[in-house]
Amino acid sequence: MAQNMTAAELKEKLCYKKTNFYDNATDAEIDAVYDYSNGYSKFLDDAKTEREAVKTAIAMAEAQGYVPYTVGMQLKVGGKYYYNNRARYLILFRIGSEPVENGVRIIASHIDNPRLDVKQVPLYEDNGFAFLKTHYYGGVRKYQWVATPLSLHGVVSLKDGSVVDVIIGEDEGDPVLYINDLLPHLAQEQSKKPLGSAIPAESLNLLIGSRPYPDAESEAIKLNVLNILNEKYGITEEDFLSADLYATPAAKARDVGLDRSLIGAYGHDDRVCAYPSLTALFETDDSEHTAIIILADKEETGSDGNTGMQSAVFTDILSEITAWAGANLTATKANSKCFSSDVTACYDPNFPEVFDAKNSAKINCGVAMSKYTGHGGKGGTSEASAEFVAWVRRILAEDGVIWQTADLGKADVGGGGTVAKFIAKHNIDVVDIGVPVISMHAPCEVISKADIWCAHRAFVAFLRK
């Protein structure tokens with residue numbers, strides 16, 4: 001039979017190749033991509049921290065009829081619920097008509113991002129400046145955070161139990177914060193150092209003021225800063241001890257490129273997967289499957305703590321669902337399926353030496369599936385089975401979703417982890433699938449509008465099929 005086919009026909013039948021979304025997209029499909037991305041950009045601007053992401057997601061969910069869940073609450077088929085774990089970890093779930101023991105559909109993303117955390121005793125004055133000391137969070141490249149406008153986000157919890165929200169640097173008239181860097185005229189020795197050590201962690205101090213308080217005999221600039229904070233937020237220096245304050249880039253999401261095909265913003269990793277998880281859930285009310293969407297904290301530091309994916313809160317909620325349904329928890333887990341929805345590295349032609357071009361995700365070629373993650377010999381990965389990957393291929397093909405394979409760099413160069421292994425340990429089939437990102441973990445990352453749209457469509461297919 002093959003001999004009756006031309007080489008081109010045989011190649012089309014037998015060979016694998018990535019598909020660029022725009023090669024066959026209609027004008028209507030491209031319009032849908034760009035319209036969808038407008039909502040995502042707004043989500044990014046509204047949700048720069050995990051607390052803000054939880055608050056924003058809850059508002060979106062409530063608009064779709066989701067209600068708060070409390071432990072022991074009576075559920076119902078068709079019911080839509082959310083569980084807010086300490087304002088930094090959110091689980092949304094919808095009860096389907098299918099027996100729970102047949103398994104549930106799970107999409108797990110994370111909503112924390114690399115950033116600079118304000119230390120517990122941060123405020124000090126030195127030679128005409130007031131600064132806040134920071135401790136970097138997650139895998140930042142420290143040199144990228146100097147000499148750029150920064151905003152301050154978070155909460156201050158007071159001794160009386162009240163909580164004060166803090167956002168400085170986002171409104172047009174707001175001041176911003178800043179981290180000093182050396183001028184090139186004096187940076188000869190600094191410039192000789194490797195990128196990883198040129199900016200010491202303890203020099204990532206936020207410039208917060210320079211004006212002294214009148215008639216103060218000592219630490220007049222520090223006192224003036226404290227007075228401003230007290231007048232605006234009612235806080236004192238001691239209140240920093242019980243605060244969650246984070247420095248993030250002050251810029252908003254912007255289109256990148258003259259064709260506006262890309263989005264540049266802080267926090268794509270991993271809100272570019274969290275957002276389509278939410279929109280896919282809201283679009284699939286007609287699905288018979290019980291669906292669970294997880295927006296977890298702490299992924300960038302190992303998923304530890306009671307708001308990380310290693311917390312028991314996910315299995316606690318799943319136990320609540322199975323108990324209500326009179327189902328067997330062990331069978332439910334064994335029959336469940338999960339997308340670990342996290343980003344991957346996008347092939348960058350400026351740095352080809354670190355990528356395996358055949359196995360790297362390419363821009364505009366759709367949502368990317370990683371059969372395994374980990375590093376150096378697949379260390380730290382759960383690796384999806386061939387059977388589960390084939391099942392995913394089938395449901396995506398049935399819905400015409402454009403997708404691609406992905407690997408995070410060359411075998412002895414790249415590597416990274418996701419929450420997949422923490423879900424797999426419960427005997428749940430899981431595979432990593434998410435959006436390729438350029439300049440991952442930078443203060444401004446870049447993604448393709450087409451790729452996030454394909455992620456949304458992939459998640460819809462997964463929750464509905």
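The values are calculated or read from the model by the stated rules, or taken from the named source; none is laboratory data. Model, not experiment: these values are computed from the prediction. Cβ placement follows ideal geometry from the backbone for every residue including glycine, while neighbour counts extend to all protein chains displayed. Ligands, DNA and RNA are stripped out before the accessible areas are found, and what is left, the full protein with its side chains, is counted by its heavy atoms. Shrake-Rupley method; radii C 1.70, N 1.55, O 1.52, S 1.80 Å.
Quick one: with all protein chains in place, what share of the accessible area of the stretch 166-274 is carbon or sulfur, to the nearest percent (1.4 Å probe)? Display every interim value, and only then the final one.
Working: 3340 of 6180 Å².
After summing per-atom areas, the C and S share lands at 54 percent.
So if I take the centroid of the Cα atoms in the stretch 85-114 and the same for the stretch 222-263, what is the distance between those two points in Å? First find each Cα centre; the distance between them is then 30 Å. Report, to the nearest 10°, how far helix 220-233 tilts away from the longest principal axis of the Cα atoms in the chain, using its own Cα long axis and a range of 0 to 90°. With both axes taken from Cα atoms, the answer is about 50 degrees. Looking at the chain, the accessible area is 46 square angstrom per residue; that uses a 1.4 Å probe and ignores ligands, DNA and RNA.
Here the stretch 159-235 is assigned +1 on the Cβ of each Lys and Arg and -1 on the Cβ of each Asp and Glu. Its dipole about the Cα centre then comes out at about 380 debye. The Cα atoms of the stretch 184-253 cover 44, 35, 25 Å along the three principal axes, with the biggest extent listed first.
Multiplying the sequence separation of Ala323 and Val71 by 0.36 nm and subtracting their Cα-Cα distance, what value in nm do you get?
Values: separation 252, 0.36 × 252 = 90.72 nm, distance 1.13 nm.
Additional length available on full extension: 89.6 nm.
Between Glu353 and Ser197, the simple label model (points 7 Å from Cα in the Cβ direction) yields a spacing of 2.0 nm.
Over the chain, Cα pairs under 8 Å with separation of 6+ residues give a relative contact order of 21 percent. If you wrap the stretch 235-291 in the convex hull of its Cα atoms and look at it from every side, the mean projected area works out to 7.7 nm².
I want the antiparallel fraction of DSSP beta bridges within the chain, as a percent rounded to 5. Intermediate results must be reported in sequence, preceding the final value.
Numbers: 53 of 76 bridges.
The answer is about 70 percent antiparallel.
Taking 13 Å as the straight-line reach from the Cα of Lys119, the aspartates and glutamates in range (excluding those fewer than 8 positions away in the same chain) are Glu202, Glu237, Glu238, Asp239, Asp244.
Once you mark the GluC sites (Glu not before Pro) that are in a DSSP loop and have at most 13 other Cβ atoms within 10 Å, what is the longest gap between them in the chain? Before the final figure, lay out each step's value.
Working: sites that count: Glu172, Glu217, Glu288.
Longest gap between qualifying sites, sites excluded: 289-465.
With the convex hull of its Cα atoms as the shape, the stretch 54-138 has an orientation-averaged projected area of 8.7 nm².
Straight-line reach from Lys11: taking Cα to Cα under 23 Å and skipping same-chain neighbours fewer than 8 places apart, the lysines in range are Lys358, Lys362. Here the dipole of the stretch 137-271 is about 660 debye; that uses its Cα centre as origin and unit charges on the Cβ of Lys and Arg (positive) and Asp and Glu (negative). Ligands, DNA and RNA left out, the accessible area of the stretch 40-112 computed with a 1.4 Å probe is 51% carbon and sulfur.
Given Cβ point charges of +1 (Lys, Arg) and -1 (Asp, Glu) and nothing else, what value in debye, to the nearest 20, does the dipole of the stretch 211-336 about its Cα centre take?
Details: 9 positive and 22 negative charges, 65 e Å.
Its charge dipole is roughly 320 debye.
The residue among Thr344, Tyr372, Leu396 whose Cα reaches farthest toward the positive pole of the charge dipole of the stretch 342-398, with charges on the beta-carbon of Lys, Arg, Asp and Glu, is Leu396. Dipole of the stretch 203-251 computed with +1 at Lys/Arg Cβ and -1 at Asp/Glu Cβ about the Cα centre; of Ala220, Leu241, Ile208, farthest Cα towards the positive end is Ile208. For the chain, the longest principal axis of the Cα atoms and the long axis of helix 27-46 meet at an angle of about 40 degrees. Axis angle, to the nearest 10 degrees, between helix 268-283 and the longest C-alpha principal axis of the chain: 50 degrees.
Cross-link partners for Lys192 among the lysines, with Cα-Cα distance under 21 Å and sequence neighbours closer than 8 places in the same chain left out: Lys142. Summed over qualifying helices (DSSP H, 4 residues or more, each -39500 (n - 2.57)) and divided by its residue number, the chain shows a 222 nm mean residue ellipticity of -9000 deg cm²/dmol. Between the listed residues Ser37, Tyr16, Ala53, the Cα displaced farthest toward the positive end of the dipole of the stretch 1-55, a dipole computed from Cβ unit charges relative to the Cα centre, is found at Tyr16.
For Thr19 and Asp285, the FRET efficiency from 1/(1 + (r/R0)^6), where r spans their Cβ atoms and R0 equals 30 Å, is about 0.50. Kindly state, to the nearest 0.05, the FRET efficiency for Ala334 paired with Ile167, given R0 = 56 Å and r defined as their beta-carbon distance. That pair, Ala334 with Ile167, gives E of 0.80. Per the Debye formula on identical point scatterers at the alpha carbon atoms of the stretch 296-448, with no solvent, log10 I(q)/I(0) at q = 0.13, 0.18 Å⁻¹ is -0.66, -1.15.
The trypsin sites (Lys or Arg not before Pro) of the stretch 123-170 that DSSP puts in a loop, and whose beta carbon has at most 16 other beta carbons within 10 Å, are Arg141, Lys159. Each listed q (0.06, 0.10 Å⁻¹) maps to a log10 I(q)/I(0) for the chain, found by the Debye formula over equal Cα scatterers with no solvent: -0.29, -0.78. Under a Cβ-Cβ cut-off of 13 Å, what is the net charge of the residues other than Val460 that fall near it, where Lys and Arg count +1 and Asp and Glu count -1? Charge balance near Val460 sits at -1. When restricted to Cα atoms, the stretch 65-208 yields an Rg and a Dmax of 22.4, 70 Å, respectively.
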